[in-house]
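Nothing in this text is a laboratory measurement; each read-out follows from the coordinates by a stated rule. What you see is a predicted model; the values in this text were computed from it and never measured.
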Amino acid sequence: MQASEVKRIRKIRVEDLEEISRIIMEVFPEDCNIIIRYVKYIYAIVRDHSYIVEINNNIAGFCINSVEYGRGHIMYLAVKSNYRRRGVGKALLCVSLIHFFYELDLSEVFLEVQTENVPAIRLYESLGFRIVRRIPRYYIDGSDCYVMVVDKGTFRNFCESMCISLLDDYDLHEVGSLFSKSSRHDYYLSN
Ligand SMILES: CC(C)(COP(=O)(O)OP(=O)(O)OC[C@H]1O[C@@H](n2cnc3c(N)ncnc32)[C@H](O)[C@@H]1OP(=O)(O)O)[C@@H](O)C(=O)NCCC(=O)NCCS
């Protein structure tokens, strides 16, 4: 982290949708129109589960999540290119997983990722996700996806402490009392 940087994680707000649309155009250029429309359409369903990272009040990345049939779903994760490899994607996933496993008490979280997307697959693996299946021609361009899942026990045993340390760098006061520093160290580890 650079010395004067203020890094904050907060829930998504409706006024973020414009900037999120711009990031989607940068990050997913081929499917951007469909994704932007879809995200606006499902906003009411995802807003309670979705997070933004701001660095010095600029949106650096977002993670759009939902709950489907009792499981957490990581739907869209994106970090602006000039903020990559600085832990932003991992921080967004950490907050999302803590939300699903501890705030909502879900037992499993899943996602789909393009089979060629090595950076994202490495990131997901670093948080305990494992590949459980491959779906042919899942994306509009005909490419396949992997379905990856992580369960609460795996997260607790292998990734929780790392997430807690990573989140120490962020202002989390807008994401709820469960994320306050004392709660993180006392509560998660005992639940
Ligand atoms: C995938 C993505 C979200 C990663 O965001 P990020 O903020 O750069 O990721 P982090 O800095 O948190 O990386 C954490 C770990 O993930 C892995 N990783 C991230 N980018 C990687 C890359 N380009 N190559 C290999 N591993 C990578 C590494 O293990 C990394 O840890 P390290 O930096 O200590 O080696 C970002 O590259 C992105 O927005 N890509 C385009 C959109 C996308 O593919 N989204 C996911 C599919 S929906």
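Data overview
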read-out	value
Mean projected area in nm² (Cα convex hull; one quarter of hull surface) for region 1-114	7.3 nm²
Added length on full extension, which subtracts the Cα-Cα distance from 0.36 nm per residue, D105 to R13	30.8 nm
Cα-based Lys pair tally, the chain, threshold under 26 Å, eight or more apart or on separate chains	15
Segment A44-S161, length gained on full extension (0.36 nm per residue, minus Cα span)	39.0 nm
Rg(Cα)/(2.2 N^0.38 Å) for region 31-88, N = residue count	1.21
Rg in Å to one decimal, and Dmax rounded to a whole Å, for the chain via C-alpha atoms	15.9, 47
Within the chain, helix-based [θ] at 222 nm, where runs of 4 or more DSSP H residues each add -39,500 (n - 2.57), nearest 500	-8000 deg cm²/dmol
The chain, relative contact order [Cα under 8 Å, separation at least 6], %	19 percent
